[in-house]
Amino acid sequence: MSDATHAIWAIALAGTASLIAAAASCADLEVSVKGLRSAEGKVVVAVHQRVADTSFPDGEGVIAGQSSLANPEGVTVVFADLPPGEYAVAAFHDTDGDLELDRNILQIPIEGYGFSNGAVGFRGPPSFDDAAVAVGSDEDRITVVVSIAYPGF
Amino acid sequence: MAIDHLSRRAMLGALASLPALSGLGALAGTREEFNAGLSKNPHLLGLANAKMESFDSGMKKLRGHLPSGLEGVLWRNGPAEHERFGDRYTHWFDGDGMVQAYTLSGDRVTHRARILDTPKRRRETREGRRYIPAFGTAGSGPMSGPDDMNVANTSMLFHAGQLLALWEGGSALEVDPETLGAGKFKAWHPELSGLPFSAHPRVEKDGTLWNTGAIFFPQEALLIYRIHQNGTIVKANLLDVGPMGIVHDFVVTSRHIVVLLTPLVIDPDLWSDRDVSFLDAHVWRPAYGTRVLTIDKNQLEIVRRHELPPGFHFHHGNGWEEADGTIHLDVCQAPGPEFVTRDMREVMCGQLNFSSAHPRYSSIVLPPRSGAEINVLAPGPVEFPRIDSRRTGQRHRMVFALTGDEVDGKWPFNRVIRIDPELGETDGWTYPGHQIPEEHVFVPAGPAEGEGWLLGPYLDVRRKATGLNVFNARHVSAGPLWEGILPYFIPLGLHGTFAAL
């Protein structure tokens, strides 16, 4: 259990865009983040791909990340030109703007967070499969909604 | 599982451990089943649902005079929504908490009660169903942390001007002292946010507050808190104590914190099964004995260990320490956990048996270098012990508690008593057969120990109403100085606290 919650969502924002090779069949992934309870700080959104032998959603599977100013009316970010495949989206409300998901002494998140597909975990984060969305080769744009839930609220 | 500090005898015995009683057997745990039981036995009224989410009323005086100088608020808490959306919980400790305020002012007592609308309860309201796991009832909700199932239903604390509703498994919940509305969860420090803050903190005469928090995920650990009289955290420490289960209470002495770990411990395999409730994830391993941890108050580290025979308890009276380091404490201890694992389930299903062995008032001595001893002090069942809180951590000669005659088909407690922890019962008053006393809280008046009053709420099953008695704490046998009654009943509650106005 502790492995699953340890070091989760160490989302690497720098340099990830260059990992994505542009190709003719690529599609845009639009992520709509809902349920933010204030305009304080930022929203951090990361797109993950499946990585063998690694617990989702740690940093290993992150292929792209973006941050945006928080807005209780919703925040939309677009990840352009994703090759066809399975992806999972994780987002958190970075109220103190330090680009890290704050956690307590036992590594349980204390800032609001959410996943694609409305995936939720049981005493830990959900699995990649629960949060996975398919990006096909014949679509221009896929829209995913991530609802933020706040621990203890 | 870290069991390196257990004795060899305990290690060998652990191989023959037995699972705790679990589940409901032939009982269905439905509302209809409970109502059928209630129609036959009015003493089950205390486990019925609160009729409303909020109550406000004056108390009607039945007899006597309110003592002059007795001015303040008794806040109480307890599970009160045993059913929601037609679904009944299967354990007394599961339901959403209801906070009550009895305000004593002049010659009047007024009462206010509110269901605590916790985040857990609001989620169930939005979904229109009861589905989140509870202490003794499994559920299906997401669990990002313990507060996702926090029902804030066990006790109240008023400290540094702040009123808090306490539960055992999660954070304290801030409560508005006037409206009794639920606020946010208390974070003593960002790194302690969302972690358990138990329901029996100990507050010393100078206002220093001590507490524990038993953590079961993502790892097992015992959290110790030291909080300044001004409400800020001074220090906290996370201890690996080995196999652990419910840790409900503890004591402090002048130099130490003493925690008893019973042999009712979490089984990791059961606990990883989301169809098993927290209570049912426990197993009874008597070979572990009762492990006694003595923790230094400054370092918050374990400095001594003792072992006592196996037993199960919720509550302590008090602890104190001699100059040579000998520690004394008292406990309401039963031979096993069946009164919580079986009886408190059956009562929710409409069967008031309480046939299991009840806790006995027992005195424990922990010499600094030799073995520990435990001796039973009073012959009958004893629960809900309270002291003159000004004696917290110091030698005490008075404990106020409930006892009873263990009559089949009735609640096991029908008498309020004063116990001298060195002699046994010294004073008491028996309630009429149609009344069930709840925890009696001491309120100080004069400077000497026990010089003051006892505030004793009770449930009158004939009137279907909750009442309040006021006793002279040093002459309980003289009966109530004042008695008042409400026009409604509140389900039997657990613990409370008094603050002078």
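The values are calculated or read from the model by the stated rules, or taken from the named source; none is laboratory data. What you see is a predicted model, and the numbers here were worked out from it, not measured in a lab. Methodologically, a virtual Cβ is constructed for each residue, glycine included, from the backbone with ideal geometry; neighbour enumeration extends over all protein chains shown. Protein only, heavy atoms only, side chains kept; ligands, DNA and RNA dropped before computing areas. Shrake-Rupley method; radii C 1.70, N 1.55, O 1.52, S 1.80 Å.
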Given charges at Cβ of Lys, Arg, Asp, Glu: the protein assembly as shown dipole, positive-most of B:V416, A:S67, B:W210: B:V416
Segment B:436-501-segment B:29-67 distance, computed between alpha-carbon centres (Å): 16
Where B meets A: accessible area buried, both sides, 1.4 Å probe, Å²: 1900
Cα-only Debye scattering, segment B:418-486: base-10 log of I(q)/I(0) at q = 0.17 Å⁻¹: -0.62
Shape call, segment A:36-153: gyration tensor on alpha carbons, a/c limit 1.5: oblate
Greater than 29 Å apart at Cα, pairs in A:K34/B:K120; B:K205/B:K235; A:K34/B:K184; A:K42/B:K184; B:K61/B:K120; B:K120/B:K205: B:K61/B:K120; B:K120/B:K205
Estimated dipole of segment A:65-147 in Debye, rounded to 20 [Cβ of Lys and Arg +1, of Asp and Glu -1, Cα centre]: 240
Whole-Å distance, taken between Cα centres, linking segment A:100-132 and segment B:367-412: 44
Kirkwood-based Rg to Rh ratio, chain B, C-alpha trace: 0.93
Within 10 Å of each Cβ in A:105-112, the average number of Cβ atoms from other chains: 6
DSSP-defined antiparallel bridges as percent of all bridges, chain B, nearest 5: 100
Pair-distance profile P(r), taking every C-alpha pair of segment B:129-262, with 5 angstrom steps and integer %: 2, 10, 20, 23, 21, 13, 7, 3, 1, 0
Per-residue [θ]222 nm for chain B (sum of -39500 (n - 2.57) over DSSP H runs n ≥ 4, rounded to 500): -1500 deg cm²/dmol
Debye, to nearest 20: dipole size of segment B:8-500, +1 on Lys, Arg Cβ, -1 on Asp, Glu Cβ: 520
Where only C-alpha atoms are counted, convex hull volume of segment B:25-164 per residue in Å³: 145
Rough spin-label spacing in nm, given labels placed 7 Å along Cα→Cβ, for B:D269 and B:E322: 4.6
Relative contact order (percent, whole number), chain B, Cα cutoff 8 Å, 6+ residue spacing: 16
Added length on full extension, which subtracts the Cα-Cα distance from 0.36 nm per residue, B:V376 to B:T125: 85.7 nm
Rounded to the nearest 10 Å², the accessible area of B:R122 at probe 1.4 Å: 80
Residues listed by number, segment B:74-92, amide nitrogen under 11 Å from B:D176 label point at 7 Å toward C-beta: none
Leading residue at positive end of dipole, the protein assembly as shown (Cβ point charges), from B:P379, B:H159, A:L29: B:P379
All aspartates and glutamates inside 12 Å of B:K60 as judged from Cα atoms, apart from same-chain residues fewer than 8 positions distant: B:D107, B:E483
Segment B:349-459: proportion of alpha-carbon pairs further apart than 16 angstrom, %: 63
Fraction of the pair-distance distribution of the protein assembly as shown above 38 Å, Cα-Cα pairs, percent: 37
Unit charges at the beta carbon, dipole of the protein assembly as shown: most positive-side option, B:P67, B:A221, B:G496: B:P67
Two-decimal ratio, segment B:392-445, of alpha-carbon radius of gyration to 2.2 N^0.38 Å: 1.27
Between segment B:258-273 and segment B:312-341, the Cα center-to-center distance that results, in Å: 18
Accessible surface of segment B:8-500, 1.4 Å probe, proportion on carbon and sulfur as whole %: 49
